[in-house]
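The values are calculated or read from the model by the stated rules, or taken from the named source; none is laboratory data. Remember, it's a predicted structure, so these values are computed and weren't measured experimentally. Cβ sites come from the backbone with ideal geometry, for glycine too, and all protein chains shown count toward neighbours.
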Amino acid sequence: MPDQPPSSVVVVGASAGGVQALKTIAAGLPPDLRAPVAIVLHVSPRSESRLPQILSRAGPLPALHAEDGEPLYAGRIYIAPPDRHLLVHDGRCSVVRAAILAGGVDEVLPVDQIARAVIKFAKVAA
């Protein structure tokens with residue numbers, strides 16, 4: 001049901017070289033998937049991401065850059081925009097600017113952050 005948070009979320013993380021693998025995953029998803037898909041891809045903060053268009057063409061589900069506060073719906077692929085971390089809270093996307101340390105390295109990898117947020121959400125929903 002669209003007005004209720006999803007009971008499960010598929011989370012996928014990849015490095016910058018993982019676009020082909022993400023296309024393969026998107027192509028294999030069923031058109032009636034009963035969960036949203038959240039994807040984090042390590043890309044340069046100065047890059048323009050065309051990943052939503054690429055994944056929308058690769059498989060049956062629509063893909064889009066997640067927006068902060070946007071509800072998660074089953075059968076959609078949500079992608080973290082460049083220089084942003086995608087988290088999940090109460091069935092909604094939380095998109096926050098990547099925290100960069102003085103050394104130029106993320107404090108916590110985006111994939112780790114989304115995984116922790118989804119696990120926390122799953123414990124609350126259970």
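Observations, loosely collected:
- Unique match (being under 22 Å from Val96 (Cα atoms) and either surrounded by 14 or more Cβ atoms within 10 Å (Cβ to Cβ) or without any contact (Cβ under 8 Å) to a residue 60 or more places away in the chain (or both)) among Gly13, Gly59: Gly13
- Filter result for the condition that a residue is more than 19 Å from Ala27 (Cβ to Cβ) and either within 13 Å of the chain's Cα centre (by Cα) or surrounded by 17 or more Cβ atoms within 10 Å (Cβ to Cβ) (or both), over Leu87, Leu64: Leu87
- So Ala21, is it in contact with a helix residue (DSSP H, G or I) (Cβ under 7 Å, 6 or more places away or on another chain), more than 19 Å from Ser8 (Cβ to Cβ), surrounded by fewer than 20 Cβ atoms within 10 Å (Cβ to Cβ) and of a type in the set (A, V, I, L, M, F, W, C): no
- Residue that is modelled with pLDDT of 85 or more, in contact with a strand residue (DSSP E or B) (Cβ under 7 Å, 6 or more places away or on another chain), in a loop (DSSP other than H, G, I, E, B) and on the phi > 0 side of the Ramachandran plot, where the choices are Gly69, Gly75: Gly69
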